Structure formats: C-alpha cells, structure tokens
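J.: Here's a structure for you.
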Amino acid sequence: MRWEGGRQSGGIEDRRGLGPAAAGGLGLGGIVLALIGYFVFGINPQTTMEAVDGRGAPAAQQEGVRGQVADREGQFVDVVATNVDDVWAPLFQDAGRTYRPPAAMVLYTQSTGTGCGLGQSAMGPFYCPTDQKVYLDLSFWQELGGRFGAGGDAAKAYVIAHEIGHHVQHQLGADQQARRMGAQGAESGSVRLELQADCYAGVWAAHAAQVSGGQVALAPNDVEDGLRAAAAVGDDTLQQQATGRVAPDSFTHGSSAQRVRWFRVGVQSGDPSACDTFNTSRL
C-alpha cells in the first residue's frame, strides 16, 4: 500500500506515554465497550469489568497532545485517517451534506478515559459516538497480524476506515436506526451497522487514490489484505476460536463471509448508497 508522502491533517490526539487511565465505575459506556471487546475480538468481558471499581462513575479523561506526530506509526494513522476524511467530504457534498471529520484519532497505551467509558487496548480499536473520537492502541497492529493473520498496511487501513465509517453513520443517524432494531442476532441492527461500516471502508478504498493524487493507493493485493482482515473478525470465526461453536443468535457484527461481501461491495461500487444494509433481505 502506498501512503508515505500522503497528506496529514494533524487530527491526532496523542495520549501515548501518559500511563494507564484511572479507573472509575463501569457505567453503560463501559458495558458497551466490554461487549465490543467480546464480540469483535473475543475478549472476555470480565477483562473490562476488572478495570473498574463498580461505582458507576465514568473513567477520568486524559488530554493528549494534538497535532501531527513524528513517529512512523503515528504518521501512518494520520495519513490514512486524513485520506478517509478526504474521500467522505466530496461524497457528503454530492448528497447535499457537510462532512465533519472525527473530533480526533486518539492514540493511547493500555487504557484511557473516553466519552463511552474506560477504553482498554484489549478491546481493539473503537469509535465512541459520545465524543466522536476514534481510539486506537497501536499494539493492536501486532494482534491483527499475529492472532488474526491479517498483517500489512492495507489491513491496518481497513480498520481505520471501518472505524471512521462508524463516524459517518453517526452523522447520518444510522447508529440510532440500529439501536431501534436491536443489538444482537443475525439480522439485528448491530450487525447491519457493522456490515455497513465494512462497506464504507470499501468505498474509501475505491476512492483513496483519486482524492490523494495517487499518494495513497491500494493495489489489488492490498485489497485482498483488507478482505482478509474483514474475514478474520467475523462473529462466526471469533466464536469458533473462543468457544468451539457458532451461535448466530448472538451475532453483533456479522459472519466472516458477510463482512467480506460488504467490504467488496464498497470497493467495487465506490458508492455509499450501495451500502444500505438496513433495507436489504440479503446480508
């Protein structure tokens, strides 16, 4: 994947080196993040529960340094996130809307306070709609390549584009639609929301080179890396790894085949309207 020399917007909030966040109570946001950790990455929710003291107060927020970063890994996140935003801005404009980038791409180590509760590296990357920030502990890249077998820059970029896809959904109200439909089950609003974010990641891949003048670009083999990453985090694959069985009634993100299919829809169409997972009988 080509990315070096790509535009950086400086939308990074760097909390690395600040140390673990002080734990407050779990709260509703923390419970949501615990479920994200379990259903997306196979993490036992108890891992999250043990990081709080049970009083129900949110974890303290830590303010990081904002702007461009000097290290290569941080620059990669900045370039990709900027490119994703640059893809969505004209797409929103074409639809008569104004795109607002996420409030920040937060880089942290171990744990950090968020608008949704205590964030931990074990949860993997996530988007918090309350503060409109994407949270990422860069140690996840080792997990992505080692545990999930989806290494390479393109797989990392897919993850970033997927999380910003949730920000796009928040602006369009899709997250509220998903909540009304329910959060668990093979046809649930949660599954439809996640598959749409996969499709939106594919839309980004389709336009990345065009909006960057070729400075950010994915070759066909890079797209395959993105498809491999999507397949690695399917509910069926993670459940099989964690428990040895698959329970579709507890799906929250969709099967590996579904995640691959919708990412491919986005790549091949380049059209956000093709990503309408909420009005289709075939997920």
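J.: Sum up the charges of everything whose Cβ sits under 10 Å from the Cβ of Gly64, counting Lys and Arg as +1 and Asp and Glu as -1, but leave Gly64 out.
T.: That sum, taken over residues with Cβ under 10 Å, equals 0.
J.: Among residues other than Tyr127 whose Cβ falls under 13 Å from its Cβ, what is the net charge (Lys/Arg +1, Asp/Glu -1)? Mind showing how you got there, number by number?
T.: On the way: positive: Lys133; negative: Asp131, Glu163, Asp175, Glu194.
Here the count lands on -3.
J.: With each pseudo-label sitting 7 Å past Cα toward Cβ, what's the Ser9-Gln240 distance in nm, one decimal?
T.: Between Ser9 and Gln240, the label points sit 3.8 nm apart.
J.: For segment 170-181, take each phi angle, set θ = phi - 60°, evaluate the Karplus expression 6.51 cos²θ - 1.76 cosθ + 1.60, and give the result in whole Hz per residue in order, putting x for glycine and proline.
T.: Running phi through 6.51 cos²θ - 1.76 cosθ + 1.60 with θ = phi - 60° gives 4, 5, 8, x, 5, 5, 5, 4, 5, 4, 5, 8 Hz.
J.: Shifting gears a bit: What order do you get for Asp86, Asp94, Asp276 when you list them from fewest to most C-beta neighbours inside 10 Å? Before the final figure, lay out each step's value.
T.: Working: Asp86 21, Asp94 9, Asp276 12.
Sorted ascending by nearby Cβ count, the order is Asp94, Asp276, Asp86.
J.: If you take the square roots of the eigenvalues of the alpha-carbon gyration tensor of segment 162-204 and sort them as a ≥ b ≥ c, do you get rounded (a/c under 1.5), prolate (a/b over b/c) or oblate? It would help to have the intermediate numbers written out before the result.
T.: Numbers: a/c = 2.97, a/b = 1.48, b/c = 2.00.
It is oblate, given that a/c is not under 1.5 and a/b is not larger than b/c.
J.: Using the number of other C-beta atoms within 10 angstrom as an exposure proxy, rank Glu224, Glu13, Glu163, Glu194 with the fewest first.
T.: On the way: Glu224 14, Glu13 21, Glu163 24, Glu194 29.
Listed from fewest to most nearby Cβ atoms, that is Glu224, Glu13, Glu163, Glu194.
J.: Using the Karplus curve 6.51 cos²θ - 1.76 cosθ + 1.60 with θ = phi - 60°, what ³J(HN,Hα) values do you get for each residue of segment 189-200, in whole Hz, with x for Gly and Pro?
T.: So the J values, rounded to whole Hz, are x, 4, 4, 5, 5, 5, 5, 5, 5, 4, 5, 4.
J.: Compute the length gained on full extension between Asp71 and Thr280: take 0.36 nm times their separation in residues and subtract their Cα-Cα distance, giving the result in nm to one decimal.
T.: Working: separation 209, 0.36 × 209 = 75.24 nm, distance 4.31 nm.
Between Asp71 and Thr280, full extension yields an extra 70.9 nm.
J.: Can I ask one more? Cut-off is 10 Å between beta-carbons; in what order do Trp204, Trp262 appear when sorted fewest neighbours first? Provide the component values of the computation, followed by the final result.
T.: Details: Trp204 32, Trp262 27.
The fewest-first ordering by Cβ neighbours comes to Trp262, Trp204.
J.: Whole-Hz ³J(HN,Hα) for each residue in segment 156-162, computed from phi via Karplus 6.51 cos²θ - 1.76 cosθ + 1.60 with θ = phi - 60°, x for glycine and proline: what do you get?
T.: Rounded to whole hertz, the list is 5, 5, 4, 4, 4, 5, 5.
J.: Along the Cα→Cβ direction, 7 angstrom out, place labels at Asp94 and Ala209. What is the inter-label distance in nm?
T.: Result: 1.7 nm between the two label points.
Only the coordinates and a few stated rules stand behind these numbers; no lab work does. All figures in this text were calculated on a predicted structure; none of them were measured in a lab. Heads up, the Cβs are rebuilt from the backbone with ideal geometry, glycines too, and the neighbour counts pull from every protein chain shown.
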